[in-house]
Amino acid sequence: MIRSGRKRHSSRWLYRIQWLLLAVIALAVAAVRLGLLHYLTAFEVFKYAGLAAVAVALGSILVFIWGLVTRHPEARRAALWATILGAIPVAIPLLLVGEHNFRAPAIHDISTDMKEPPAFEAILSLRGPGDNSAEYAGEAVASQQRNSPLYEDIQPLQLNLSVPEATELAAEVAQKLGWRVVAKSPNKGRLEAVARTPVLGFTEDVVVRVQKEGQGVKVDVRSASRARAADLGSNGQRIRVFLKKMKKRAERQ
């Protein structure tokens with residue numbers, strides 16, 4: 001297993017294979033963001049490349065043990081690096097998505113108001129024929145959101161502001177979060193924006209509705225994916241972060 005001359009151990013191919021698999025995953029990510037690869041095809045790439053990386057990592061553990069027994073430092077180093085690199089395809093999705101979000105129901109349209117959710121208007125012109133319907137699917141979606149512990153905190157926000165003030169505040173928060181504001185009507189209490197997921201850049205549409213209630217206003221938010229059938233909790237997380245930031249900024253006013 002030792003090459004003559006340079007005496008490089010063949011275990012170095014373990015981490016080279018891992019770098020190759022990571023490169024394949026990175027290229028698939030770039031292809032999805034550029035619209036060159038369908039996300040379902042990319043998910044297949046992620047699955048098989050990730051499984052291959054884990055398999056190589058498991059084999060590397062055996063090589064590492066062999067390196068300890070035979071006192072071969074190069075084999076140990078190569079096996080250790082291969083094991084670390086093999087953990088990346090597993091660790092990154094868990095960190096970015098969160099383990100709990102993998103248990104999210106297979107829906108892509110989340111709203112703080114499931115009886116009369118805010119409707120998309122201006123954004124309709126930006127949607128293509130292959131996108132998900134902009135119409136809320138009613139009880140079929142509402143029951144799944146209602147029965148999932150993941151979405152228990154997705155509730156309307158009550159603020160002691162006027163409708164125009166709350167709408168302007170919503171626009172400020174949306175822009176801070178990197179959303180592209182498509183339409184804003186402070187007097188009507190409406191805001192529509194487009195957001196993208198961090199890694200794969202999936203497009204998700206957002207509508208904010210502000211209504212007068214008592215001495216203040218009630219803020220409802222709806223976020224829906226254009227392409228995916230299941231969002232792994234991304235729309236709920238977007239609403240959660242938006243309302244939290246909006247509440248904090250309102251308290252400072």
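The values are calculated or read from the model by the stated rules, or taken from the named source; none is laboratory data. Computed from a prediction, not measured in an experiment: that's the story for all the values here. For neighbour counting, all protein chains shown are included, and Cβ atoms are generated from backbone atoms with ideal geometry for every residue, glycine included. Just the protein is used for accessible areas: all its heavy atoms, side chains included, with ligands, DNA and RNA removed. Shrake-Rupley method; radii C 1.70, N 1.55, O 1.52, S 1.80 Å.
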Handout entry: Residue count, region 118-150 (criterion: of a type outside the set (Val, Ile, Thr), open to solvent by less than 50 Å² (accessible area, probe 1.4 Å), more than 22 Å from residue 211 (Cα to Cα) and in a helix (DSSP H, G or I))
Key = 3
Fill in the blank from the handout: All conditions in (1) of a type in the set (D, E, K, R); (2) more than 17 Å from residue 236 (Cα to Cα); (3) at pLDDT 95 or above are true of residue 192 except (2)
Practice task
Residue by residue through region 151-168, note down the ones that are open to solvent by 20 Å² or more (accessible area, probe 1.4 Å) and in a loop (DSSP other than H, G, I, E, B).
Solution key: 152, 153, 155, 156, 160, 161, 162
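Anything in region 96-117 that is modelled with pLDDT of 85 or more and outside any loop (DSSP other than H, G, I, E, B)? List them, or say none.
Start the filter on region 96-117 by keeping residues that are modelled with pLDDT of 85 or more, which leaves 105-117.
Listed by number, the residues that qualify are 109, 110, 111.
Within region 12-31, is there a residue that is charged (D, E, K, R), in a helix (DSSP H, G or I) and open to solvent by 70 Å² or more (accessible area, probe 1.4 Å)?
First, pick out the residues of region 12-31 that are charged (D, E, K, R): 12, 16.
Narrowing the set further to residues that are in a helix (DSSP H, G or I) leaves 12, 16.
From what's left, open to solvent by 70 Å² or more (accessible area, probe 1.4 Å): 16.
Yes - at least one qualifying residue is present in region 12-31.
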Practice task
For residue 79, indicate whether it is assigned to a loop (DSSP other than H, G, I, E, B) and over 21 Å from the mean Cα position of the chain (by Cα).
Solution key: no
Practice task
Select from region 188-217 the residues that are more than 22 Å from the chain's Cα centre (by Cα) and surrounded by fewer than 20 Cβ atoms within 10 Å (Cβ to Cβ) and list them in ascending order.
Solution key: 188, 211, 212, 213, 214, 215, 216
Fill in the blank from the handout: So, first residue at pLDDT below 90 in region 22-44, second residue open to solvent by less than 60 Å² (accessible area, probe 1.4 Å) and of a type outside the set (A, V, I, L, M, F, W, C), Cβ within less than 6 Å, six or more apart or across chains; the pairs are 32/39; 33/201
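Which residues, counting only those in region 229-244, are closer than 30 Å to residue 38 by Cβ and open to solvent by 20 Å² or more (accessible area, probe 1.4 Å)? Show your work before the answer.
Going residue by residue through region 229-244, those that are closer than 30 Å to residue 38 by Cβ are 229-242.
Result: 229, 230, 232, 234, 237, 238, 240, 241.
Please list, ordered by residue number, the strands (runs of 3 or more DSSP E) wholly in region 176-253 having 3 or more residues that are in contact (Cβ under 8 Å) with a residue 60 or more places away in the chain.
Values: elements: 180-185, 190-196, 203-213, 216-225.
In region 176-253, 190-196, 203-213, 216-225 are the strands (runs of 3 or more DSSP E) which contain 3 or more residues that are in contact (Cβ under 8 Å) with a residue 60 or more places away in the chain.
With more than 30 Å from residue 140 (Cβ to Cβ), open to solvent by less than 50 Å² (accessible area, probe 1.4 Å) and of a type in the set (Ser, Thr, Tyr) as the only criterion, which of 112, 70, 83 stands out?
Details: 112 fails: more than 30 Å from residue 140 (Cβ to Cβ); 70 fails: open to solvent by less than 50 Å² (accessible area, probe 1.4 Å).
Of 112, 70, 83, the one residue that is more than 30 Å from residue 140 (Cβ to Cβ), open to solvent by less than 50 Å² (accessible area, probe 1.4 Å) and of a type in the set (Ser, Thr, Tyr) is 83.
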